[in-house]
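Presented below is the structure to which this report refers.
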Amino acid sequence: MPAKHYLNDNYGIRSWLLTKDHKRIAILYLCTITFFFFLGGMFAALIRLELLTPEGDLFHSDTYNKLFTMHGVNMIFFFLIPSVPAVLGNFILPIMLGAKDLAFPKINLLSWYIFIVGAGFGLAALIGGGVDTGWTFYTPLSTGYVRTPVIVLAVGILIAGFASIFTGLNFIVTTHRMRAPGMTWGRLPLMVWANYAASLIMILGTPVIAITLILVALERGFHIGVFDPKLGGDPVLFQHMFWFYSHPAVYIMILPGMGVISEIVTCFSRKRVFGYTFIAFSSIAIAVFGFVVWAHHMFVAGISTYSALVFSLLSFAVAIPSAVKVFNWTATMYKGSVSLETPMLYALAFIGLFTIGGLTGLFLAALGTDIHIHDTYFVVAHFHYVMVGGMVTAYLGGIHFWWPKMTGKMYPEAPAKLAALITFIGFNLTFFPQFILGYLGMPRRYHAYPPEFQVLNVLSSAGASVLAVGFIMPLVYFLWSLKFGEAAGDNPWDAKGLEWQTTSPPPTHNFHEVPIVTEDPYNYGEEANVVH
Amino acid sequence: MEFKLPLFPEQASSVAGQVDAFYLFLVLLTTFFSLLIALMIVFFIIKYRKRPDHKAEQIHGSTLLEIVWTAIPLGISMIIFVWGAVLYYHLQNPPKDALEIYGVGKQWMWKFQHPGGQREINTLHVPTGRPVKVTLISQDVIHDFFVPAFRIKTDVLPNRYMHTWFTPTREGNYHLFCSQYCGTNHSGMIGEVVVMKPEDYAEWLASGKAEGSMASMGEKLFQEFGCTTCHRPDAGARGPSLLGLYGRPVRLSDNRVVIADDNYIRESILNPNAKIVSGFQPIMPTFQGVVSEEGLIQITEYIKHLSQQDSEPLSNRSNPAVLRDTEVPTIQQELKGRGNEPAAPSGKKP
């Protein structure tokens, strides 16, 4: 490890809380969202515990409704949306570009504080009893019928949204203006393309959820009729506005994860990526198409037949670029030199699980089947396959891949591989039965259910306990590695990419000299050719 | 603990088999592609595993391959889309001769009314062999009417009617689930659809304690609420006559033409000033909070009933807004021109 680096350059709480270093801000985000991940995970554990038996006998109905609401809110807004961009993106993006920092370091710090305030409102809502509207806040239930702290939570989410907007803004400007000499757009690592596309969605889409939540708060607080028919409003309008953001939001979540996979698959196949241009542009295509499919959440909600046809057609279109990525990653392994370190295990798990999750999206995009499976456990299984099997897996893969760079320490490989395997098994056991449950007709958000659904629910809950172990293990061994891990060295994976050309951990200004880029990304066939 | 592991719910409606067939096709398709990718990956990581003597081959890509693996999924997606769309169109459009049942959802129960006036709570009796159209509305939040055995579902909204339809094909008792989260007892808002042979259904109808058919209940309400004061067929009436109204085009004071369907009638009672019939004053009071959703449904049934009777030739003054048959084709064209297909009127022409 180098003598001086970003972690020991300055000491004291002020040097952390007032830092402008994108790397330290990434670590601040890491600690924060890890807390919310385990909070949301605890709610999930309680949900699966309740669902072991058909009767609602562990919790009162209102409590159960709060559990699934707070599970969704915490996981989506306070974990998934920041995860790869705010932790891995913040840390790695500037270094990958050869820059000293992001374009706006102070705004970067501000974004973390805004996130803390927003998440703080979320915790306040939790302490105030928790909200029970579902993370989707459908009206008029949320504006006129529940007595829980909806406004507090809505305000928290909309504030946290601004953290997202600032991160996106920062990434876009940095990518345009702060690339090192020789780093042309065609030489950008795919991680940058992916985060860039996600940033476009962040800045264009997030304001819509902010407005929507403000309107919910106004209707609830001041009885200004927007969504409640008793006040002259239209409840379906809420759904249009909500999903206009929340659908692109899922692409905010998954695109950065896909960027991580491109980095890992190339490194552990020792090969340049297959179809670089197609993968790069597929990220942009997903971002664009992602904005025109929102009403596929509303096929039975009261939209016209013609609208439904259009949105169904477009939803099939948005699936294609993702399929292209999966094929390209697979082709990258062809004639490669593949090794199975932990990051690669997570990347391979991602490809498999995301494929299943994405393909099950086709069942939902298809109108004839969506009528039956909408609002059932089929949907729950689908989105957990893409969000957990996809996104969380990619996030964990990225954390393992860049942990040596971020901390200068190696995590222990054997427990890590074991944890990856346990997570994979636990995940499938938890969520595969839910596809079956959904087709059988078990609706979502059911506290109690008819007894014939019990076997599958028990399987799912059993899987959840295994999955929990798989998630807790990294927390333990990563913390262990900080003290006892082997020193990583600058480039433990022998990977290409500018981040591996600097020390582990990097100095505060990332590079001792400005790098000059002369080669394509993933140039694994030859020696690194970076001229200083 | 019951140890059953079924994969499909029972098929109890005419479309269930079609939905299941489509689903099975999708399952086979997705299994095929998932296995293809998975096996390829496993094959590659074994065959091309890192070995000391072995170097990776740096392949940029292949535009041809990209085109192929974009075009094939696109083509398959279009097949899925069309199949799904055709099935959906069928699921959305009830046949004309469907038995019409009304349902009201509220936190946390279902109330149904049969045309003969029979009422049920949380249970719905239907006969096999004929289409049943259920028209639904909510008294409070958004609910959802879901019968897995029939493969149908619709959200139930608080501000307008939604409908779904099915033709039951198999006797039995099937779950009815509310499947839009609606608050505390969402998972308790479960009902039962009881499918009976037509003879048994007729017997059940006869044995019930119906106070009267829905239309006659509606007529009672019509008189109780004083609607007859203004809505009369004579020349000096303050409100438009409702004879022959249901399902016909109506011209409004702002020259728009709308179809007098369930939603129009409901809106006219709850929010009369939203649409003023041409030639009349905006003097109708609102009945919001006065008439229940069930009452609204009964009044609508009564009004539907009025369109099935023969009515006298109408004088110009009393209902300038209910268009005569000779005018109807022009209006239909006008609506078509504005991209607004009029619904086919469901009442008989006078």
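The values are calculated or read from the model by the stated rules, or taken from the named source; none is laboratory data. Please read all numbers here as calculations on a predicted model, not as lab measurements. Note: ideal-geometry Cβ built from the backbone for every residue, glycine included; neighbour counts use all protein chains shown.
Couple of notes before you dig in:
- Residues of the range A:461-493 that turn out to be of a type outside the set (S, T, N, Q) and surrounded by 16 or more Cβ atoms within 10 Å (Cβ to Cβ), as a count: 17
- Test: residue in the range B:95-102 that is under 13 Å from the mean Cα position of the chain (by Cα), farther than 26 Å from residue A:142 by Cα and among the acidic types (Asp, Glu): yes
- Yes/no for residue B:9 being at pLDDT below 95 and either more than 7 Å from chain A (Cβ to nearest Cβ) or assigned to a helix (DSSP H, G or I) (or both): no
- Cβ-Cβ under 8 Å pairs, at least 6 apart or on other chains, the range B:35-57 side facing another protein chain (nearest Cβ under 7 Å) and within 16 Å of residue A:524 (Cα to Cα), far side surrounded by 16 or more Cβ atoms within 10 Å (Cβ to Cβ) and basic (Lys, Arg): B:48/A:335; B:50/A:270; B:55/A:270; B:56/A:270; B:56/A:271; B:56/A:335; B:57/A:271; B:57/A:335
- Odd one out for residue A:448, checked against (1) in a helix (DSSP H, G or I); (2) within 14 Å of chain B (Cβ to nearest Cβ): (1)
- Selection from the range B:58-73 of residues that are within 9 Å of chain A (Cβ to nearest Cβ) and of a type in the set (Val, Ile, Thr): B:59, B:63, B:70
- Every residue from the range A:97-111 that is of a type outside the set (Ser, Thr, Tyr) and in a helix (DSSP H, G or I): A:97, A:105, A:106, A:107, A:108, A:109, A:110
- Answer from B:162, B:217 - the residue that is more than 19 Å from the chain's Cα centre (by Cα) and buried (at least 17 other Cβ atoms within 10 Å of the Cβ): B:217
- Number of the exception - residue B:166 against (1) in contact with a strand residue (DSSP E or B) (Cβ under 6 Å, 6 or more places away or on another chain); (2) at pLDDT below 95: (2)
- Candidate set: the range A:291-308, residues that are within 26 Å of the chain's Cα centre (by Cα) and assigned to a loop (DSSP other than H, G, I, E, B); chosen: the one surrounded by the fewest Cβ atoms within 10 Å (Cβ to Cβ): A:298
- Residue in the range A:438-452 that is over 22 Å from the mean Cα position of the chain (by Cα) and over 23 Å from residue B:144 (Cα atoms) present: no
- Against the test of being outside any loop (DSSP other than H, G, I, E, B), more than 20 Å from the chain's Cα centre (by Cα) and among the hydroxyl-bearing types (Ser, Thr, Tyr), the options A:360, A:332 yield a single qualifying residue, A:332.
- Qualifying residue in the range A:8-17 (condition: within 26 Å of the chain's Cα centre (by Cα) and crowded, with 17+ Cβ neighbours inside 10 Å): no
- Checked against the criterion of being in a helix (DSSP H, G or I) and closer than 30 Å to residue B:141 by Cα, the candidates A:129, A:118, A:134 yield just one match: A:118.
- When the range A:496-532 is limited to residues that are surrounded by fewer than 20 Cβ atoms within 10 Å (Cβ to Cβ), part of a loop (DSSP other than H, G, I, E, B) and aliphatic (A, V, I, L, M), the one that is modelled with the highest pLDDT turns out to be A:514.
- Answer residue from the range A:401-449, given it is among the charged types (D, E, K, R) and closer than 23 Å to residue A:474 by Cβ and is surrounded by the most Cβ atoms within 10 Å (Cβ to Cβ) among those: A:405
- Taking the criterion of being without any contact (Cβ under 8 Å) to a residue 40 or more places away in the chain and more than 13 Å from every other protein chain (Cβ to nearest Cβ), the residues of the range A:126-155 that qualify are A:127, A:128, A:149, A:152.
- Screening residue B:18 against (1) buried (at least 16 other Cβ atoms within 10 Å of the Cβ); (2) free of Cβ contacts under 8 Å to residues at least 24 places away in the same chain; (3) within 21 Å of residue A:309 (Cα to Cα); (4) not aliphatic (A, V, I, L, M) leaves a single unmet condition, (2).
- Selection from the range A:451-491 of residues that are among the aromatic types (Phe, Trp, Tyr) and within 14 Å of chain B (Cβ to nearest Cβ): A:453
- Checking every residue in the range A:349-368 against the condition of being modelled with pLDDT of 95 or more, touching a Pro at 6+ places or on another chain (Cβ under 6 Å) and facing another protein chain (nearest Cβ under 10 Å) gives zero matches.
- Residues that are within 24 Å of residue B:93 (Cα to Cα) and either at pLDDT below 95 or not small (Gly, Ala, Ser) (or both), drawn from the range A:272-301: A:293, A:294, A:296, A:297, A:298, A:299, A:300
- Filter result (within 13 Å of chain B (Cβ to nearest Cβ) and crowded, with 23+ Cβ neighbours inside 10 Å) within the range A:201-241: A:227, A:228, A:235, A:238, A:239
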